[in-house]
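Participant: Just passing along the structure, written as structure tokens.
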Amino acid sequence: MPVPLIDVPVDLLAELRRVRAGADHNRDAALSALGLRPLTGGMQNDLYLWTPPRGDDVIIKLYVKTDRQRVEREWAALTLLAPHQLGTVPTPLWHDDAPVEPAIGMTRLHGQPLIEATDKLAALRALAHTTTQLQALPLTGLLATLPRIDTGEHYMIRLTQAWPELLASQPNDPLTPAMQQLLTAWRRSGDADLVAAPAPPVLSRGDANLLNWMTTNNGAACVDFEYAGYSNAAFDAADLIEHISGRAVPDSIWAQLLPDLGITGANRHQFAANQRTCALRWLAVLWKQRDRRREEFTVQHERVEMLYSSANPYA
């Protein structure tokens, strides 16, 4: 089904790239003259708000990082979603496949950061609704053949290879024995087999960061599809709940939302295995940064132990 595209603003993008290359000493003034304003929130790549002389505001995403088919993933996801007019994802407008700093133009979504919502249960229930809408769409084209970035299998490589090797290289670190014990418990639990078990594929954004969500008049809206691909509902629910940004939400709320996120009796054990695996993966990430992120590491250590204990509120 055709997507309502507009012409690529070739001249504007050429000027933008020229300004970014340092051709103008006063970058802010040069961008303003082009009708462009830099936006915060682009973790990996750069975002600009373009106010053209005529028409609605446009978000320009300029890709500094193009590894792992980021541009192709995002364009494939946006064009797959556009005909369904969900109102909770950007509409793609154009794709400029330049060899350096390619760009995508998309519509602007208006809303408030979901993570700041006063009624977190209602906001996250709306997020779950949007998520299940995305997962219900038929997978076609590129996204039917590419797994999302950071799959359960990818997390397991960290837990079976990279982290054990790092721990073994630091036998005198006082934290090493406790981390090795948790890895031993994970290996013995059978969680890895459940994470790798076949499951019905669904469309996934591939990025569980709650900062990419906002509350709007149409419900919970999401941006950033550069990690998109196929996944399964159990892993995506676990990845969402265990993402480091999810610690802003009490477990009592997350536990209520499991049915909304597609967790049923049929995939509950698979979800639990994925959840423990995702939590342990975050512990591995924070272990490498434990000196400057000591509090976060401590909280995550306690969380992993909780998920393997009788105090687990999801059990």
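The values are calculated or read from the model by the stated rules, or taken from the named source; none is laboratory data. In this text, all values refer to a predicted model and were calculated from it rather than measured experimentally. Note: ideal-geometry Cβ built from the backbone for every residue, glycine included; neighbour counts use all protein chains shown.
Participant: Say we look at the stretch 12-31 and pick out the residues that are among the small types (Gly, Ala, Ser) and at pLDDT below 95; which of these is surrounded by the fewest Cβ atoms within 10 Å (Cβ to Cβ)?
Facilitator: Gly22
Participant: Out of Ser189, Ser169, report the one residue that is free of Cβ contacts under 8 Å to residues at least 12 places away in the same chain and farther than 27 Å from Ala228 by Cβ.
Facilitator: Just one listed residue meets the conditions, Ser169.
Participant: Residues in the stretch 257-264: is at least one closer than 16 Å to His243 by Cα and in contact (Cβ under 8 Å) with a residue 60 or more places away in the chain?
Facilitator: yes
Participant: Quickly run through the stretch 134-193 and pick out the residues that are among the hydroxyl-bearing types (Ser, Thr, Tyr) and either over 30 Å from Cys222 (Cβ atoms) or assigned to a loop (DSSP other than H, G, I, E, B) (or both).
Facilitator: Result: Thr140, Thr145, Thr151, Thr160, Ser169, Thr176, Thr184, Ser189.
Participant: For the stretch 246-292, enumerate the residues that are among the polar types (S, T, N, Q) and either farther than 18 Å from Asn232 by Cβ or modelled with pLDDT under 95 (or both).
Facilitator: Ser252, Gln256, Gln289
Participant: To continue, here is another question. Got a sec? Which helices (runs of 4 or more DSSP H) wholly within the stretch 216-297 have at least 1 residues that are closer than 21 Å to Asp193 by Cα?
Facilitator: Details: elements: 233-242, 251-256, 268-287.
The qualifying helices (runs of 4 or more DSSP H) are 233-242, 268-287.
Participant: Looking only at the stretch 83-132, how many residues end up being of a type in the set (Gly, Ala, Ser), crowded, with 18+ Cβ neighbours inside 10 Å and within 16 Å of Tyr48 (Cβ to Cβ)? Even if it seems obvious, please write down each step before you answer.
Facilitator: Filtering the stretch 83-132 for residues of a type in the set (Gly, Ala, Ser) gives 87, 98, 103, 105, 111, 117, 122-123, 126, 128.
Pick out the ones that are also crowded, with 18+ Cβ neighbours inside 10 Å and you get 103, 105, 117, 123, 126, 128.
Among the residues that remain, those that are also within 16 Å of Tyr48 (Cβ to Cβ) are: 103, 105.
Residues in the stretch 83-132 being of a type in the set (Gly, Ala, Ser), crowded, with 18+ Cβ neighbours inside 10 Å and within 16 Å of Tyr48 (Cβ to Cβ): 2 in total.
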